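Accompanying notes for the structure given below.
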Amino acid sequence: MNNMFIGRNAGQMKNFLAREGLLDALVVLYDECNSEALKKDPLVSAFVDKFRAQVADVRRLRVNITDFEVKNIIGRGHFGEVHVVKEKQTGDIYAMKTLRKSDAINQRLAAFYEEERDIMVRASSPWLVGLQYAFQDMHNLYLVMEFQPGGDLRALLDRFGGSLGEEMTK
């Protein structure tokens, strides 16, 4: 099992929760248990007390929105925005899609978010951008992916009436 967590035997990871998934589960469980109503139970209260420091460390060390400097908006839709961002630690430039959780949950779009994330993680095509990071906070879901200047094909087609001439296609 340890080899699966550290990336060896990657083929076996298809149906297995990865380290990031387990950390997400721990943080969500902790947040749920940390409500006043649930902490009345002594076992729940003991769990919250026992893991307070570890959850704080996980939150501090994991990638989050403060690790990025937002540069420009490059897209806007019903459920969020796409920005060009610069990773503060490395200086690398990425595209970051931000989706509001309230919209994703109310519109049942969480499954689409997960599907998009999973496709980018598994993609090995030069035609699909790769996912660098996926994380969330209390209000938003974030996908940080390779930045490809020039926009997307759909926007290009929209600008030219739905089709491109042969020269432009070349």
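Listed here are the residues, each with its yes/no results for (1) among the charged types (D, E, K, R); (2) under 30 Å from Ala95 (Cα atoms); (3) assigned by TED's automatic domain parsing to the domain that holds Gln136; (4) in a helix (DSSP H, G or I).
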position	(1), (2), (3), (4)
Val28	no, yes, no, yes
Glu32	yes, no, no, yes
Phe47	no, no, no, yes
Phe51	no, no, no, yes
Glu69	yes, yes, yes, no
Problem set entry | All positions within the stretch 131-144 that are more than 15 Å from Asp67 (Cβ to Cβ) and surrounded by 13 or more Cβ atoms within 10 Å (Cβ to Cβ) | Leu131, Leu141
Exercise. Quick check: anything in the stretch 118-135 acidic (Asp, Glu) and either within 19 Å of Gly77 (Cα to Cα) or assigned to a loop (DSSP other than H, G, I, E, B) (or both)?
Worked result: no
Seminar exercise, completed: Over the stretch 53-67, the set of residues outside any helix (DSSP H, G or I) and in contact with a Leu (Cβ under 9 Å, 6 or more places away or on another chain) is Arg62
Exercise. Looking at Phe68, is it in contact (Cβ under 8 Å) with a residue 24 or more places away in the chain and farther than 30 Å from Gly150 by Cα?
Worked result: no
Exercise. When only residues in the stretch 70-88 that are charged (D, E, K, R) and under 15 Å from the mean Cα position of the chain (by Cα) count, which is nearest to Leu143 (Cα to Cα)?
Worked result: Glu81
Exercise. Any chance the stretch 67-90 includes a residue that's surrounded by 12 or more Cβ atoms within 10 Å (Cβ to Cβ), modelled with pLDDT of 85 or more, over 30 Å from Leu153 (Cβ atoms) and not charged (D, E, K, R)?
Worked result: no
Exercise. Within the bounds of the stretch 98-115, is there any residue that is hydroxyl-bearing (Ser, Thr, Tyr), out of contact with any Gly (no Cβ under 8 Å at 6 or more places or on another chain) and at pLDDT 85 or above?
Worked result: no
Problem set entry | Residues (over 22 Å from the mean Cα position of the chain (by Cα) and among the hydroxyl-bearing types (Ser, Thr, Tyr)) located in the stretch 129-170 | Ser163, Thr169
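The values are calculated or read from the model by the stated rules, or taken from the named source; none is laboratory data. Predicted, not measured: the structure shown is a model, and the values here were computed from it. Quick reminder, even Gly has a Cβ in these numbers, built from the backbone with ideal geometry, and neighbours come from all protein chains shown.
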